[in-house]
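Scroll down for the structure; my scribbles are underneath it.
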Amino acid sequence: MSLSSTPSAAFDLPPETPTALPGFRLWKGAFDRAAQVALLAQVTAAEATAPFYRPETPGGRPFSVRMTNLGPMGWVSDRAGYRYQPTHPVTGAPWPPMPTILLDLWRATAAWPAPPDACLVNLYDARARMGLHQDRDEADLAAPVLSISLGDAAVFRIGPAQVGPTATVRLESGDVCALTGPARLARHGIDRVLAGSSTLLPDGGRLNLTLRRSGRT
Ligand code: SIN
Ligand code: FE2
């Protein structure tokens with residue numbers, strides 16, 4: 001262990017909830033209310049240096065979701081394309097540090113030797129959604145993608161990478177899910193947010209934090 005490493009505790013996971021798609025892993029209620037409040041406070045504090053902004057697609061369409069990032073790298077989208085970069089596209093500042101609890105969660109869930117280097121934070125209002133897509137901007141597509149939901153519940157849609165039916169799963173505040181192994185390139189998106197289903201965010205809405213290894217660090 002190096003002297004500069006942050007001491008951190010093991011993350012206490014609830015039993016895993018079975019899913020119909022091999023490699024799509026789900027832990028309902030992994031963050032209890034106190035842990036949700038603590039994580040939300042860290043995101044809120046990070047907003048001071050890394051404000052949410054509205055990205056646009058390479059085709060020039062604005063996302064309905066607003067975004068920011070935590071950690072050495074952040075996922076961004078604009079007319080130049082999708083990519084990871086170390087700085088906020090609006091302020092030019094480095095992204096705020098990755099919260100230790102997210103590194104603990106990754107260690108507890110991801111059978112992967114290296115830590116995540118990027119945490120995309122998506123902010124959904126009642127009208128926001130995310131079309132079906134694959135996460136494939138990472139250098140090593142074998143490393144898992146780990147997602148944490150906070151605030152209002154959402155209807156998450158997921159299906160196999162190539163062809164085959166999609167199904168929906170309700171993701172609620174404190175739930176953690178992962179795209180691993182055969183589901184790493186699963187198509188997924190958010191059909192809708194269930195406004196008013198949680199009291200966690202003072203102004204309502206949903207936050208989703210996605211941990212990944214960009215492979216750019
Ligand atoms: C994403 O795929 O980037 C977000 C998924 C979610 O909001 O749960
Ligand atoms: Fe995604």
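A few comments on the model shown:
- The one condition in (1) over 19 Å from the mean Cα position of the chain (by Cα); (2) at pLDDT below 95 that residue 34 fails to fulfil: (2)
- Taking the numbered list (1) surrounded by 22 or more Cβ atoms within 10 Å (Cβ to Cβ); (2) more than 10 Å from ligand 1 (Cβ to nearest atom) in turn, residue 201 passes all entries but (1).
- Residue check for residue 111: in a loop (DSSP other than H, G, I, E, B), more than 13 Å from ligand 1 (Cβ to nearest atom), more than 14 Å from the chain's Cα centre (by Cα) and of a type in the set (Gly, Ala, Ser): yes
- The criterion of at least 1 residues that are free of Cβ contacts under 8 Å to residues at least 60 places away in the same chain is met by the following strands (runs of 3 or more DSSP E) wholly inside the range 1-102: 66-70, 74-78, 81-85.
- Answer from 97, 116 - the residue that is under 19 Å from residue 138 (Cα atoms) and not aromatic (Phe, Trp, Tyr): 116
- Test: residue in the range 124-135 that is at pLDDT 95 or above, of a type in the set (A, V, I, L, M), more than 12 Å from ligand 1 (Cβ to nearest atom) and assigned to a loop (DSSP other than H, G, I, E, B): yes
- Put simply, of 183, 154, 142, 118 the only residue that is without any contact (Cβ under 8 Å) to a residue 60 or more places away in the chain, buried (at least 22 other Cβ atoms within 10 Å of the Cβ) and on the phi < 0 side of the Ramachandran plot is 154.
The values are calculated or read from the model by the stated rules, or taken from the named source; none is laboratory data. Quantities reported herein were computed from a predicted structural model and do not represent experimental measurements. Methodologically, a virtual Cβ is constructed for each residue, glycine included, from the backbone with ideal geometry; neighbour enumeration extends over all protein chains shown.
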